[in-house]
Structure formats: structure tokens, C-alpha cells
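The values are calculated or read from the model by the stated rules, or taken from the named source; none is laboratory data. Note that this is a predicted model, so its numbers are computed, not measured. Virtual Cβ from ideal backbone geometry, glycine too; neighbours counted across all protein chains shown.
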Amino acid sequence: MDARGRLRADDLLVLLAVARSGRYTTAANALGIDHTTVARRIAALEDAVGGRLVAQSGGGWELTALGRQAVDTAGRIESALTQLSDAGEDHDPIAGVVRMSATDGFSAFIAAPAVARLRRQHPRLTVEIVTATRRAAAHRPGLDIEVVVGAPQSRRAQGVQLGAYTLGMYASRAYLEREGMPRDAAELMRHPLVYFVDAILQVDALDLPRRLVPEMRDGLSSTNVFVHVEATRAGAGIGLLPCFVADRHDDLVRLLPDQFDERLPYWMIVRPESLRIPAVAALADALRDETAAAAAMLAGRR
């Protein structure tokens, strides 16, 4: 006799909410219930299908292989319910909230215009962008898309390379008038550096100063690239800056471009279960298109 419980569509939708956020509490807030109810519904669903659907990890809850199958079914149920609720009006599946994370510069100059264009076609879409400079993770609770610098180091973090951008050395015209123009790398290393905080830099690809300018001392450090730009403009030192951000300011001068011309890749990480959501897939496509269109700008060609 089969002692399994009854399979309920509502429980599948609860699992879908957990899959999108990675946390019971976040899923509970989205569904308007408490987290203990979420846990009970997931347990009931696991009893009904006869296996574990989620497993706890350091960053939240991850889907098992069985869980991914269940989420695929849950996505189809949600889509059918949405189509039915919108039966009296033009249905647009590219709607709802999509959450993404990206670096400061990418968020401002690639993601923002991509989202603006996408929303003109799909006004019921909302995109939340968290700015962060960190390495890719196989599972980041609460995010549908991550854009990071450098290839994912984890085999479980699947992604695609969007494109690449160039970094160069910059100083303000006023700083150069006061301190002099460096004629070579040896002279440049006598100046203070404006860059990321080395002690908390998480991205190996951005650990450039140790290789490029090992003798250069830190002048001002920040976790935000726009602080780097403004500090360089204010004369705090020589900034190692993304060219597509720095070249927007006529008061900044690029130094020794033949010697300092570093290209770093942007990678996009999308959770497989998130790609089944039309809004997430549409945003991923928009980011790919926007990055490709901005290739010359990202490369440092004005």
C-alpha cells in the first residue's frame, strides 16, 4: 500500500517560490504566509513525491535533481494560472519581478539601458539590481541573474561570457599639472593608487596591481568603482579604472595605454530554474544584446 501523501498544486507553487529565492523566509513573504507553513508544505510535497526536493547549503536551499523536475512542473502550472487570470486582456508573460546582481559599472551602463528598453515593450516587468563586485556562486539566494568579472570558479556555477571590458591607468589633468606626467611604469609606481580594497577583494581577475604595479602604494581604496573615478578626478592619485567609465570625463587622462591595457571578461550566471521564467529569459537576452552593442565602448574605444 502506497503511504504517500496527496500531491497538491499549491505545494508545487510554494516550492517554486523557494527555488526562486533560496530561502523559506523570502518565499513566505512573497506568498503571504509564514516560514513554518512553507517548511510544512515542502515536507508534504516531499512526502507526496517520495523524495527530497531541496537540500540546505551555506547560502540557503538548493534544489535536488527531483526538485528541479518538480519546479519545471510548477512553472508550467504557474504559467497556466497566469494565462487564465489574464484571459480577459492581452497576456504578456514577461511580467513580475526579476532580481539580478552585477558590478557598479555594468549595472549603470549596460543593465540600466537594457532594462529601460525591455520595459518599454513589457511595462508589467520590474527589475531589481543589486550592485556588487564578487565571484560567481553556484547558488545565490534571492537572485535570478548574476553578472560577474572573470569566469566562474565553481563547476556548479554555469554561465556564459557576455563580453569583455578594458581597464587603464588614469589621472586628472590637475593632478598631472601638480605632480608631473609619468613617463614610464617606474615613474607611475611612485604615485598613490586608487583602486579596490585589497583585503576584501573577492574577485581574482581584479587582483591586477600586484602584477602590474607591485611597488605602487594605496592612496584611496573603495569597494565602489564610481568612488574610484571621482577620487581620481579629485586628485587622490592614479586610478586603475574601467575605460568605459573613465572616458566619460574629459578631465581624466589615460596614462601609458600601451603598457596598461587589461581586458577582463563579464560572465552571466543564470539558475536553470530561473531561465524557465519568461521574464528572466527575456532579461538575460536583453543583457546579451546590450553588451554586444556596447562592445566598442567596453573595449575603451570612445
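Descriptive notes on the structure:
- Scanning segment 184-222 for residues that are of a type in the set (V, I, T) and more than 16 Å from L167 (Cβ to Cβ) yields V197, I200.
- Taking segment 189-276 as the region of interest, the helices (runs of 4 or more DSSP H) fully inside it that hold 3 or more residues being crowded, with 17+ Cβ neighbours inside 10 Å are 225-233, 243-246.
- If the condition is being touching a strand residue (DSSP E or B) at 6+ places or on another chain (Cβ under 7 Å) and in a helix (DSSP H, G or I), then segment 113-136 contributes V115, L118, R119.
- For I269, the stated conditions hold: it is touching a Pro at 6+ places or on another chain (Cβ under 9 Å) and under 30 Å from R20 (Cα atoms).
- Evaluating V245 against the criteria (1) modelled with pLDDT under 95; (2) among the aliphatic types (A, V, I, L, M); (3) touching a helix residue (DSSP H, G or I) at 6+ places or on another chain (Cβ under 6 Å) leaves one unmet condition, (1).
- Unique residue being farther than 25 Å from T131 by Cα, in contact (Cβ under 8 Å) with a residue 12 or more places away in the chain and in the same structural domain as P257 (by TED's automatic domain parsing) when the list is R211, R183, R178: R178
- Considering the conditions (1) touching a Ser or Thr at 6+ places or on another chain (Cβ under 8 Å); (2) of a type outside the set (A, V, I, L, M); (3) not assigned by TED's automatic domain parsing to the domain that holds S172, D289 is excluded by exactly one of them, (1).
- Here R135 qualifies as out of contact with any helix residue (DSSP H, G or I) (no Cβ under 7 Å at 6 or more places or on another chain) and modelled with pLDDT under 90.
- Any chance R233 is charged (D, E, K, R) and free of Cβ contacts under 8 Å to residues at least 60 places away in the same chain: no
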